[in-house]
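Undergrad: Let me give you the structure first, and then I'll get to my questions.
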Ligand code: 0O2
C-alpha cells in the first residue's frame, strides 16, 4: 500500500484523537473551574504507528483492508484517574454521551490479565467530519489509575525490550509489582476522602485567588494608581495570612468596589 494512502486512511483517526482528547480535557477543566474534584486526572492520545498496525494485523491474521474494523485501537485515548472509584465515574460519563457509541467494554480491573495488567477498556464508535465527509471510526479508551499506568508503562517498555519474551526473573518482579499496585490503589482509596478534601480546598483557594487577580486587573483600568497600590498591598497581606475567609471577604470588597466604579461610569 502506498504511503500516501496510509495518510488518507489514518487522517480521520488523527482528527478523532485530537477531538477526543480535547473533549475529555474540557470535562476535566469544567470540574476544576467549578472548584470540584475531577475524576479525570490526565488525558493522552495517540494514533497507532503504521509498523505497530502491521505487526498487530500480522499477529491476528487480519488483512490490511479489514484493519479498519478488526483493529480497535488505531485511535487510542488514555484517561488517568487518581482513584479506582473514579474509573466507573469516567465510564458513566462516556455511557451518557451521544457523540460516542460504546461497542464493547473490557474490565481488566476485576479480571486482571495474567501478565498483571489492570485497566478498563471501552471501545467506541465515533464520527469525524473531514473535508471528504463524515467517517465513523473505532477508538479504544483505556481508563486506569496512576498506579495501574505506572505498571503498564514499565511493562510495555520491557515487552518492547525483550520482544515479548520477558525473562522469568523480571516477570516475577513484575508480578510482585502488580500486586503492589493493587495494594497501593486500595490504600489510596481508604484515605480518598481526606485526600479529596485537601485537593478541593487547594482548588477552591486557587480559583479564589484567580478571581481576586481578575478583579484587581479590571480595577486597574478604572481606579487611580494610589488606590490600586493600596489594594495590592492589602491583597499580599491577606494572602500571607493564609486564611481563606480573609480572601473571601477581600474578594467581596473588590466586587463592591468594582460595582461602584461601574455605577459611576454609567452616570
Ligand atoms: P500498544 O503498543 O499499547 O498499542 P482484541 O482481542 O482484538 O479485542 P486487543 O487489542 O488485541 O483486543 O487486546 P487487548 O487485550 O484489549 O489490549 C489492547 C491494548 O491494551 C494493548 O494494545 C495495550 O495497550 C494494552 N494491554 C493489554 N494487555 C497488556 C499487558 O499485558 N501489558 C501492557 N503493558 N499493556 C497491555 P497493543 O496493541 O497490544 O499495544
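Undergrad: Using only the alpha-carbon atoms of the stretch 47-111, report the extent along each of the three principal axes, biggest first, to the nearest angstrom.
TA: Dimensions of the stretch 47-111 along the principal axes of its Cα atoms: 38, 25, 21 Å.
Undergrad: What do you get for Rg/Rh over the stretch 1-98 if you use C-alpha atoms and the Kirkwood form of Rh?
TA: Taking Rh as the inverse mean 1/r over Cα pairs, Rg/Rh reads 1.07.
Undergrad: Still on this structure: Please determine, in degrees from 0 to 90 and to the nearest 10, the orientation of helix 84-96 with respect to the longest principal axis defined by the Cα atoms of the chain, where the helix direction is its Cα long axis.
TA: 90 degrees
Undergrad: With only alpha-carbon atoms counted, please give the Rg and Dmax of the chain, in Å.
TA: 25.0, 81
Undergrad: Give the relative contact order (percent, whole number) for the chain; include only Cα pairs under 8 Å separated by 6+ residues.
TA: About 16 percent, as a whole number.
Undergrad: Now for a different question. Which order do 183, 100 fall in if you start with the one that has the fewest other Cβ atoms within 10 Å?
TA: In increasing order of surrounding Cβ atoms, one gets 183, 100.
Undergrad: Stokes-Einstein D for the stretch 215-267 at 37 °C, 0.692 mPa s, Kirkwood Rh over Cα pairs, in µm²/s?
TA: It comes out at roughly 283 µm²/s.
Undergrad: A further question on this structure: With each run of n ≥ 4 DSSP H residues scored as -39500 (n - 2.57), what mean residue ellipticity at 222 nm is computed for the chain after dividing by its residue count and rounding to the nearest 500 deg cm²/dmol?
TA: -21500 deg cm²/dmol
Undergrad: By how many degrees, between 0 and 90 and to the nearest 10, does the Cα long axis of helix 192-222 differ from the longest principal axis of the chain?
TA: Compared with the principal axis, the helix lies near 50 degrees.
Undergrad: If you take all C-alpha pairs in the stretch 158-267, what percent of them are over 23 Å apart?
TA: For the stretch 158-267, the share of Cα pairs beyond 23 Å comes to 56 percent.
Undergrad: Enter the Cα centre distance for the pair the stretch 10-25 and the stretch 201-215, rounded to the nearest angstrom.
TA: Here the answer is 31 Å between Cα centres.
Read-outs: derived from the displayed coordinates by stated rules, not from any lab. Everything numeric in this text was worked out from a predicted model, so none of it was measured. A quick note on method: Cβ atoms are made from the backbone with ideal geometry, for glycine too, and the neighbour counts reach across all protein chains shown.
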